[in-house]
Each structure stands twice: as C-alpha cells, then as structure tokens.
Amino acid sequence: MRDYDVCGLGNAIVDIFLELDDTEFAALAFERGTMRLVEADEQSKLLHQFSAGNRELRLVSGGSVANSVIGLSQLGGRSAFIGCVGDDRYGLHYAEEFNDLKINIGNPIMAGQTTGTCIALITPDAERTMRTCLAVSSHLAAKHVDAHRIAHSTWLFIEGYVFANPSTGQTAIREAIKAAKASGTKIALTCSDAFIPEVFGDAFQEALAESDLLFCNAPESLSVTKASTSEAAFAALASLVPNCVVTDGPHGAFVRFDSEESHVPAFACHPRDLTGAGDMFAGAFLYGITHGYSPAIAARGANFMCMNVITQVGARLQQDAKALWEEGLDDHRADDVGG
C-alpha cells in the first residue's frame with residue numbers, strides 16, 4: 001500500500017470569492033462567465049477596489065487539481081500536491097491550509113514571489129466570472145517535481161492548465177510522467193479547459209498517450225476528439241486513452257474504466273455557484289476507485305458530491321464530505337431495493 005492515493009500536479013492558486021448583484025457586476029463591464037488571465041498590477045487594483053468597500057473577501061486555497069486533491073482528502077483519502085506559492089500572505093495562508101488538511105505539499109514557498117490568485121465573482125444566476133493572476137504558480141517547472149512523492153502515490157493527477165506554460169509547465173509535466181512511469185504510478189489527466197487541447201494540442205496529446213485516465217467535460221471532449229457530440233467524443237476517446245470520464249453537467253457522466261462502460265445520471269438541483277464542479281467530480285471519483293468502489297458507483301458518488309458543491313458558494317465543501325458520500329450511495333442502495 002502506497003503512502004498516497006493521489007499526488008496532484010497543478011497551479012497553486014488562492015481563490016477569492018465575492019458575490020455581486022447584477023448592477024454591481026454590470027459596472028465592471030466584464031464578460032459574464034469567462035475566465036481571463038491578468039497581470040499582477042491589474043489583479044492588485046481589482047483586489048484593492050473590492051477590499052476598499054465593506055465587503056467580505058473569502059479566501060480559499062485551491063487551483064483546479066488542488067481542489068480535486070482537497071476533495072479526496074475531505075473524503076478520507078491520502079493525498080499530496082506539487083505546486084508553487086510565494087512568501088506573501090496568500091502563500092502562507094495556502095501552506096497553512098494544506099497542512100491543516102493533512103495534504104503533503106513539501107516546501108512550496110518561493111522567497112520574494114507573489115502567490116497566484118483567482119478572483120471569482122459570483123452573480124445571482126450562479127455563474128462565476130474569474131480574473132486569474134498565475135504569478136509564481138506559473139513558475140512550476142521540472143526542478144519542482146518531487147519523484148519521491150509521485151513514486152509513493154497510486155495515481156499522479158496532472159492539471160491541464162499547466163500546459164499553458166510551455167517553457168516551465170510542460171517540462172514539469174514531462175518530468176512528472178517520467179517519474180510516474182519509473183515507479184508504476186498510474187497517470188490521470190484533466191483538460192481543465194477546452195482551449196488547452198486546442199492551443200497546446202501537441203503537448204497535450206503527448207501526455208494523453210502516456211495517461212491511464214482522462215477527465216473532461218463535454219466541450220473539452222469535443223476539443224480533444226473533434227467529434228460533434230459528447231456521445232461520439234466518448235466513443236472516440238476509447239482509441240486515445242484506456243479509461244475516461246466525460247461529464248456533461250445536468251446530463252450526467254459517461255464513464256469507461258477497466259473495460260466497464262456506463263452512463264451515470266446527475267442529481268437535479270438549483271445551482272448557486274458552478275465553481276469547482278469538475279474538480280470535485282475528479283477528486284471524488286479518484287477516491288472511489290482507490291477505495292474499492294466500482295467505477296459506476298464512484299461516478300454516482302462523485303455526481304452527488306458535485307451537486308452539493310454547486311448549491312453552495314466556492315469549490316470547497318463546507319459540510320461533512322464523507323457523510324454526503326454515504327448519503328449518495330444510500331440513495332443508490334435504496335434504488336436497488338426499490339427496483
């Protein structure tokens with residue numbers, strides 16, 4: 001038995017959540033529902049603008065794959081993470097939170113650097129509009145890859161956003177894959193966004209060819225395969241990667257794992273904030289398959305966790321994650337009895 005179920009590799013970002021009404025949001029002239037990368041000075045101005053009022057800025061340590069690792073940890077899994085933060089207030093907050101969560105992040109703090117932040121503006125329609133400053137998180141490179149933690153993990157989970165830094169991030173991914181292959185650690189990959197396989201297709205396909213499992217949502221699956229529907233994309237992915245999950249929001253998830261295929265329905269709900277739905281699905285699914293659950297049951301539990309995440313604000317579950325997982329599986333057992 002290895003020390004960790006999953007070791008994540010990704011951008012270490014502190015999420016800063018702010019709820020705005022439609023009038024306040026309109027005054028910013030941002031395109032609703034988008035994510036834009038911004039430079040440090042622009043992010044600093046935004047933070048000053050929002051903190052100048054009597055608004056509560058809620059800080060939550062995250063990043064896409066970091067959120068997945070946190071979700072797995074909340075469920076009782078054992079996890080590690082590789083990323084970079086600065087020695088400012090946000091970086092110290094990040095390291096302290098991960099230590100509290102008992103996630104092994106090694107020594108991620110880089111002296112004299114600015115920690116990556118993501119301002120997530122939540123509007124009444126449950127959309128999130130994000131302004132992200134990668135800062136030192138984009139410095140993640142091959143030299144930061146800890147082969148020891150990867151070798152002591154059942155899975156390595158790679159964040160798609162890291163491909164967006166060809167001279168640093170892509171070298172980190174190659175080094176991490178090399179370490180995983182040397183130690184028999186299985187490799188999971190997430191697209192993160194449809195633009196990743198579109199813009200960084202060669203590097204992404206190179207990593208995909210080495211991977212054991214791909215997580216993507218419906219638009220990302222179309223980007224990877226050039227198919228016209230998520231069903232066709234799911235079929236096409238069979239020739240690209242041994243195992244895959246294609247999530248499709250309220251339409252559930254297509255799952256292929258260990259030669260078993262299924263479609264797992266979503267749980268109906270009224271979303272409040274869509275932040276982190278895919279991150280939670282991946283973390284919960286990886287928890288399931290590393291703790292003896294069948295792929296279909298793991299996906300059902302993951303869908304239930306997603307439903308609970310999007311009915312609150314923020315990607316971090318504020319309830320007892322393990323109790324929610326059991327509740328989702330109890331629903332399944334009740335269906336079996338009733339059927």
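The values are calculated or read from the model by the stated rules, or taken from the named source; none is laboratory data. Please read all numbers here as calculations on a predicted model, not as lab measurements. Note: ideal-geometry Cβ built from the backbone for every residue, glycine included; neighbour counts use all protein chains shown.
Figure legend. Inter-residue proximity from segment 150-172: first residues farther than 12 Å from Ser137 by Cα, second residues of a type in the set (Phe, Trp, Tyr) and part of a helix (DSSP H, G or I), beta-carbon distance below 8 Å, spacing 6+ or different chains. Indicated pairs: Gly160/Phe204; Phe163/Phe204; Gln170/Phe163. Taking the condition in contact (Cβ under 8 Å) with a residue 40 or more places away in the chain and within 30 Å of Arg32 (Cβ to Cβ), does Ser138 pass? So Ser138 passes the test. Screening Ala164 with (1) within 16 Å of Ile13 (Cβ to Cβ); (2) crowded, with 24+ Cβ neighbours inside 10 Å; (3) small (Gly, Ala, Ser) gives one miss only, at (2).
Tally time: how many residues in segment 284-313 are in a helix (DSSP H, G or I) and within 21 Å of Phe17 (Cα to Cα)? Adding up the residues that qualify gives 6.
The helices (runs of 4 or more DSSP H) found wholly in segment 16-93 and carrying at least 1 residues that are under 17 Å from the mean Cα position of the chain (by Cα) and at pLDDT 90 or above occupy 64-74.
Residue-by-condition table, conditions (1) touching a His at 6+ places or on another chain (Cβ under 8 Å); (2) among the small types (Gly, Ala, Ser); (3) under 22 Å from Pro166 (Cα atoms):
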{"site": "Cys191", "(1), (2), (3)": "no, no, yes"}
{"site": "Pro197", "(1), (2), (3)": "no, no, yes"}
{"site": "Glu206", "(1), (2), (3)": "no, no, yes"}
{"site": "Ser211", "(1), (2), (3)": "no, yes, yes"}
{"site": "Ala233", "(1), (2), (3)": "no, yes, no"}
{"site": "Val241", "(1), (2), (3)": "no, no, no"}
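Within segment 100-129, the set of residues being closer than 16 Å to Pro271 by Cβ and either surrounded by fewer than 21 Cβ atoms within 10 Å (Cβ to Cβ) or at pLDDT below 90 (or both) comprises Ala120, Ile122, Thr123, Pro124, Asp125, Ala126, Glu127, Arg128, Thr129.
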